[in-house]
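Visitor: Sharing a structure, written as structure tokens. Questions coming.
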Amino acid sequence: MTQQEDMPAAENEVRETAQKGDKKKGMIITIVLVVLICGLGAGGLHLLLETKPEAKKEQPDIGVETVRVVALERVAYPVTVSAMGTIEPSREIALGARVSGEIVWVSEEFVPGGRFEAG
């Protein structure tokens, strides 16, 4: 082999060595950038935590509330409900007396609209 034939092989070796060196340089640069970014993030976090504002403790202002007291009195207040539709009872019953006659006396315990027990 002559010197001219050995040149391409030598050039290939030089190129391969250069490529390996470039890969190592790229890896080192990547690692340095990652460490740099993490360091800047940690430093920024530390700065934010150290310079955060602190809340001031104050006594709450307890004011006197004005209250107006009014005596209650019963008042008839008409309530009007307007609606359209049909009113239907949930159940229907037939209520009637067992005997016929005239009412001559009403007990004091009788309450209009009140309830009574069976029997």
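The values are calculated or read from the model by the stated rules, or taken from the named source; none is laboratory data. Remember, predicted model here, so these are calculated numbers, not experimental data. Methodologically, a virtual Cβ is constructed for each residue, glycine included, from the backbone with ideal geometry; neighbour enumeration extends over all protein chains shown. For the accessible areas, the whole protein counts, side chains as well, though only heavy atoms, and no ligand, DNA or RNA atoms are used. Shrake-Rupley method; radii C 1.70, N 1.55, O 1.52, S 1.80 Å.
Visitor: May I ask you to evaluate 6.51 cos²θ - 1.76 cosθ + 1.60, the Karplus curve with θ = phi - 60°, for each residue of the stretch 28-40 and list the ³J(HN,Hα) values in order in whole Hz, giving x for glycine and proline?
Guide: 5, 4, 4, 5, 4, 5, 4, 5, 5, 5, 4, x, 5
Visitor: Of 32, 70, 99, which is the most mobile in a GNM of the chain whose springs link Cα atoms less than 10 angstrom apart?
Guide: 99
Visitor: Mind giving me the FRET efficiency for residue 77 and residue 55? R0 is 30 Å, r the Cβ-Cβ distance, nearest 0.05 is fine.
Guide: Between residue 77 and residue 55 the formula returns 0.05.
Visitor: Mind listing the phi-derived Karplus ³J(HN,Hα) values for the stretch 53-65, rounded to whole Hz, using 6.51, -1.76 and 1.60 with θ = phi - 60°, and x for any glycine or proline?
Guide: So the J values, rounded to whole Hz, are x, 9, 6, 8, 8, 10, 6, x, 7, 9, x, 8, 8.
Visitor: Then there's this: Fully extended, how many nm does the chain gain between residue 107 and residue 24 (0.36 nm per residue separation, minus their Cα-Cα distance)?
Guide: In short, 18.8 nm is gained.
Visitor: Karplus couplings for the stretch 71-80 from phi (6.51 cos²θ - 1.76 cosθ + 1.60, θ = phi - 60°), rounded to Hz, Gly and Pro as x?
Guide: Couplings: 6, 7, 9, 6, 9, 7, 10, x, 10, 10 Hz.
Visitor: So, one more: Ignoring any ligand, DNA or RNA, what whole percent of the accessible area of the chain comes from carbon and sulfur when the probe is 1.4 angstrom?
Guide: Of the solvent-accessible surface of the chain, carbon and sulfur hold 59 percent.
Visitor: Continuing with this model, one more query. Leaving out ligands, DNA and RNA but keeping every protein chain, what accessible area does residue 103 have, in Å² rounded to the nearest 10, with a 1.4 Å probe?
Guide: Spelled out: residue 103, probe radius 1.4 Å, area about 140 Å².
Visitor: Compute, for the stretch 10-119, the length of the dipole vector about the Cα centre, with Cβ point charges of +1 (Lys, Arg) and -1 (Asp, Glu) only. Units Debye, rounded to 20.
Guide: 760
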